[in-house]
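Working notes, beginning with the structure itself.
The values are calculated or read from the model by the stated rules, or taken from the named source; none is laboratory data. Just so we're clear, the structure is a prediction, and the values are computed from it rather than from any experiment. Here the Cβ positions follow ideal geometry from the backbone for every residue, glycine too, while neighbour counts run over all protein chains shown. Accessible surface areas use protein heavy atoms only, side chains included; no ligands, DNA or RNA. Shrake-Rupley method; radii C 1.70, N 1.55, O 1.52, S 1.80 Å.
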Amino acid sequence: MQQTKYLVVGKGHIGLATAACLSNQGHTVYLFSRRSSIVAQTRTIHSIGSVSPGSYLVAACSNNIYELAALNGGKLPLNVLICCRGQDIEPYAKILAEYVNPQMNVLVFCASRFAGRVFCKVLQRLGIAKEQLPAVADVNNPPFISRGNTEDQIRISTLTNKFFVAAQNRSMTNRIVTAYQAVFSNLWAAASVLEINLNKVNDIIHFPLLLVSLARWESGEDYNLYDHLGSRTVGLIDHLDRDRIAVGEALGVLNLIDIKSHYQIAYGTTGSSLYEHIQQVGAYSSTTLCNPHHRYLVEDLPYGCFPLQVLARLAGVETPFLDSCITIGNKFLDIPLEWNADFLELDRQKLVELATS
């Protein structure tokens, strides 16, 4: 395999796993983090999970994007993988704006809905013309389940059987697939940007689990949301998923993956009930909450559930359970919900375009 250069942006568990995966395949990896890192000193990422165990070198790790560009002739690699939360998309777009060009292929590993759209919107507001934008693709879920142990250690529990991508148009989607399928054989093209963003389900899975344990979360307890998971709690996930599917149907996106099928396609689970599928994801046994800023609330509510509600309002469909989740969750989160229709520059006509792009 020909060696290729990659820039991984974000040093959370997905960023570390992505960098280790690319390095394991012999590629040159630059790792950017907005905060200082042990990896910057040792250039080593330790992978201790069942997938790709070992220690892997990166060419450089820095919290200075200019330093990384200088190592590559004053430019950034053409293949950029952004691994972050929804609240980090805008800052990263501003950091990378000076270096983006139309030849870049940007893959956005972010659970938030419309993260790729926000990335492009920020670039355009900084003066980059639409025709000068890189190909920017959202994914419905990452290519693996991972968990960070320390700043330089990652546990990759399992690979996803399939994950799907979609960029601004079909041509750019095909370009992204061509650029990344050699390193992610489980990557597939989705039909449209709208389909991808409706098929993101982290918030659908996570928020009901958090909702039934808010007292434990508020106390700062370190606990696993999946421990003693019961059928009624799984039923809440199913109710929220029904709202998501209803939004898709109202917008004419009829081939959405329901939550049970998501587990079957992504992880190869089997069974007649959603409860059975969830029980078969072994990586959930190490999923713990231990702080009030956990992404299950601070990302999944404002950047997952809320944009879904925005789509529901534009579609004119009622989503009673989704609305209840947002109302209750926002009392605990107490931050402004900024990704509204105006911010995302969405209206019914734009949604039609996104469904056919």
About the Cα centre, charge dipole magnitude for the stretch 1-122 (Lys/Arg +1, Asp/Glu -1 at Cβ), debye = 200 debye
Largest to smallest accessible area among Ile154, Ile95 [probe 1.4 Å] = Ile95, Ile154
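Given a 1.4 Å probe and heavy atoms of the protein chains only, how would you sort Tyr66, Tyr284, largest accessible area at the top?
In descending accessible area the options line up as Tyr66, Tyr284.
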note = Mean Cβ-within-10 Å packing, highest first, puts peptides 190-197, 221-228, 28-35 in the order 190-197, 28-35, 221-228
task = Among Leu7, Tyr226, Val253, pick out the residue whose Cα is farthest towards the positive end of the charge dipole of the chain, where Lys and Arg carry +1 and Asp and Glu carry -1 on C-beta, about the Cα centre.
result = Leu7
request  = Go through Trp188, Trp217 and list them by solvent-accessible area, largest first, probe radius 1.4 Å.
outcome  = Trp188, Trp217
ask   = How big is the charge dipole of the chain about its Cα centre, in debye rounded to the nearest 20, if each Lys and Arg gets +1 on its Cβ and each Asp and Glu gets -1 on its Cβ?
value = 880 debye
query = At what distance in nm do the modelled label points of Arg35 and Thr178 sit from each other, each positioned 7 Å from its Cα along Cα→Cβ?
reply = 3.9 nm
inquiry  = Give me P(r) over the chain, computed from all C-alpha to C-alpha distances, binned every 20 Å, as integer percentages.
reply    = 30, 61, 8
request  = Select from Ile128, Cys61, Ile95 the residue farthest towards the positive end of the dipole of the stretch 36-161; place +1 on Cβ of Lys and Arg, -1 on Cβ of Asp and Glu, and compute about the Cα centre.
outcome  = Ile128
Descending Cα extents along the principal axes, the stretch 217-269, whole Å = 42, 27, 18
task = With a 1.4 Å probe and every protein chain kept in, tell me what percent of the accessible surface of the stretch 4-69 is carbon plus sulfur.
result = 49 percent
query = For the chain, what relative contact order do you get, as a whole percent, if you take Cα pairs closer than 8 Å and at least 6 residues apart?
reply = 15 percent
inquiry  = Taking the square root of 5 times each eigenvalue of the Cα gyration tensor, what semi-axes in Å does the equivalent ellipsoid of the stretch 1-69 have, largest first?
reply    = 18, 14, 9
request  = Please give every one of the aspartates and glutamates within straight-line cross-link reach of Lys5, meaning a C-alpha to C-alpha distance under 16 Å, and leave out same-chain neighbours fewer than 8 residues apart.
outcome  = Glu67
inquiry  = Could you tell me which residue out of Cys84, Phe164, Ala70 lies farthest along the dipole of the chain toward its positive end? Charges go on the beta carbon: Lys and Arg +1, Asp and Glu -1, centred on the Cα centre.
reply    = Ala70
inquiry  = Show me the three semi-axes of the equivalent ellipsoid for the stretch 1-142, from the C-alpha gyration tensor (sqrt of 5 times each eigenvalue), largest first, rounded to whole Å.
reply    = 24, 17, 14
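Could you tell me what percent of the accessible area of the stretch 282-357 is made up of carbon and sulfur, with a 1.4 Å probe and every protein chain present?
Result for the stretch 282-357: 53 percent of the exposed heavy-atom area is carbon or sulfur.
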inquiry  = Let's test the formula: R0 of 35 Å, r as the Cβ-Cβ distance of Glu345 and Ala70. What FRET efficiency results, to the nearest 0.05?
reply    = 0.50
ask   = When ligands, DNA and RNA are left out and all protein chains stay put, how many square angstrom of accessible area per residue does the stretch 188-344 have with a 1.4 Å probe?
value = 42 Å²
ask   = For the stretch 189-241, what size does the Cα cloud have along each of its three principal axes, sorted from largest down, in whole Å?
value = 42, 23, 14
Tail fraction, Cα-Cα pairs, the stretch 243-357, threshold 19 Å, whole percent = 59 percent
remark   = Excluding ligands, DNA and RNA, the carbon-plus-sulfur percentage of the accessible area of the stretch 203-273 with a 1.4 Å probe reads 46 percent
message = So if I take the centroid of the Cα atoms in the stretch 29-85 and the same for the stretch 284-308, what is the distance between those two points in Å?
response = 25 Å
inquiry  = Under 37 °C and 0.692 mPa s, how fast does the stretch 50-132 diffuse according to Stokes-Einstein, given a Kirkwood radius computed over C-alpha pairs? Answer in µm²/s, whole number.
reply    = 232 µm²/s
request  = For the stretch 11-66, report the accessible area per residue in Å² (1.4 Å probe, heavy atoms, rounded to an integer).
outcome  = 39 Å²
